[in-house]
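The values are calculated or read from the model by the stated rules, or taken from the named source; none is laboratory data. Note that the coordinates shown come from a computational prediction; the quantities given were computed from them, not determined experimentally. Glycine also receives a Cβ, built like all others from the backbone with ideal geometry; neighbour counts cover every protein chain displayed.
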Amino acid sequence: MASYTTKKVKTGKFNSFYCEGGETNKDTIILLHGSGPGANGESNWSRVMQVLGEKFHVIAPDMVGFGNTDLPQNTKMTFWEWTTARVEQILEIMDYNKIEKAHLIGNSMGGFVSLSALLYDETRFDRVVLMGSGGGALSGGPTPEIVRMTNFYKDPTIQAFRNLVSWFMYDESVVAEDFERIVQTRYEIMMRPEVRKLYPTLFPAMPQELVIPPSALKRIKQPVLLIHGYEDRFVPKEGSLSLLEHIPNAELVLLKQCGHWAQIERFDRFIQLVEQFLS
């Protein structure tokens, strides 16, 4: 497996933290994490980077508002302003590394940011993989799991967090001894005073703000691979079915016995799908 390093560099108005591997490889993949409690690039993508880094130049940033990336001076932003800041952060990391064009892999909120990046500047991105992605239309309100996640600080105990992390997966036993490490690492991030203050403000005021307009989706020119866990309770599979309906050059793979973290729960199949698609 390929190794990776961590870096912190000046991007725009703040410093961005990211993991990087496979620097000598030609094609670049930007891997974008979701918005779950304590989310960051390394916990989402470490094993994926070790494998894909053998063939690709891989970069997994902590998107602004998460992980070890610095916060901007103004944190009183709308959900859409945070999204634009993350898109600009990606482009600034690419410019810093002299990357003209990259593939995108986005999980959950990272998928929403990936779609937003295509709308911001389609010339900088090639193929796109969306995994349990936001952006598609969903009927009904937020799932109970989403409500618990966004209201985590109403009962921020380690056991409540352990339960929440387990709900991201169909069966947490697939991560075996790594489960407690994931819980402890993310919990430490979540309990930082600045994160605890900021996290509840990062979500949209209305669920409809998470939907990319169909009028925009139909204009996406890039090939898009949608991967979705059939039992995903945080972003139900109907979200990807909605994206499939409107993105012209898209295909969808549904994975049974899989929740929100296909890159962890169905690791081998996820790698196979990504390598086939990007090749």
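Is it fair to say GLY34 is at pLDDT below 95 and either part of a loop (DSSP other than H, G, I, E, B) or of a type outside the set (D, E, K, R) (or both)? Lay out the reasoning, then the answer.
On the way: at pLDDT below 95: no; either part of a loop (DSSP other than H, G, I, E, B) or of a type outside the set (D, E, K, R) (or both): yes.
For GLY34, the condition - at pLDDT below 95 and either part of a loop (DSSP other than H, G, I, E, B) or of a type outside the set (D, E, K, R) (or both) - is not met.
Taking the condition of being part of a strand (DSSP E or B) and either of a type in the set (Asp, Glu) or within 15 Å of ASP62 (Cβ to Cβ) (or both), how many residues in the range 89-107 meet it?
Here is the first cut: in the range 89-107, the ones part of a strand (DSSP E or B) are 102-107.
Add one more test, that the residue is either of a type in the set (Asp, Glu) or within 15 Å of ASP62 (Cβ to Cβ) (or both), and what stays is 106-107.
Total meeting the criteria: 2.
Across the range 11-25, which residue is surrounded by the most Cβ atoms within 10 Å (Cβ to Cβ) among those that are at pLDDT 95 or above and charged (D, E, K, R)?
Within the range 11-25, the subset at pLDDT 95 or above is 15-25.
Still in the running and charged (D, E, K, R): 20, 23.
Details: GLU20: 21, GLU23: 14.
Among them, the one singled out is GLU20.
Have a look at LEU198, LEU202, LEU119 and point out the one that is within 18 Å of the chain's Cα centre (by Cα), surrounded by fewer than 19 Cβ atoms within 10 Å (Cβ to Cβ) and farther than 21 Å from ARG233 by Cα.
Numbers: LEU198 fails: within 18 Å of the chain's Cα centre (by Cα); LEU202 fails: farther than 21 Å from ARG233 by Cα.
Result of the check over LEU198, LEU202, LEU119: LEU119.
Among the listed residues VAL174, VAL129, which satisfies the condition of being in contact with a Ser or Thr (Cβ under 9 Å, 6 or more places away or on another chain) and either part of a strand (DSSP E or B) or farther than 26 Å from LEU210 by Cα (or both)?
Details: VAL174 fails: in contact with a Ser or Thr (Cβ under 9 Å, 6 or more places away or on another chain).
From the options VAL174, VAL129, the qualifying one is VAL129.
Let me confirm something: among THR11, THR84, THR24, THR78, which residue is closer than 28 Å to LYS218 by Cα, more than 16 Å from the chain's Cα centre (by Cα) and among the hydroxyl-bearing types (Ser, Thr, Tyr)?
Numbers: THR11 fails: closer than 28 Å to LYS218 by Cα; THR84 fails: more than 16 Å from the chain's Cα centre (by Cα); THR24 fails: closer than 28 Å to LYS218 by Cα.
One residue alone meets the criteria, THR78.
Name, by its number, the condition in (1) of a type in the set (Gly, Ala, Ser); (2) out of contact with any helix residue (DSSP H, G or I) (no Cβ under 8 Å at 6 or more places or on another chain); (3) closer than 21 Å to CYS258 by Cβ that does not hold for SER215.
(3)
Only residues that are aromatic (Phe, Trp, Tyr), in a helix (DSSP H, G or I) and at pLDDT 95 or above: list them for the range 199-237, please. Let's see the steps before the verdict.
Narrowing the range 199-237 to residues aromatic (Phe, Trp, Tyr): 199, 203, 230, 234.
Still in the list and also in a helix (DSSP H, G or I): 199.
Within the range 199-237, none qualify.
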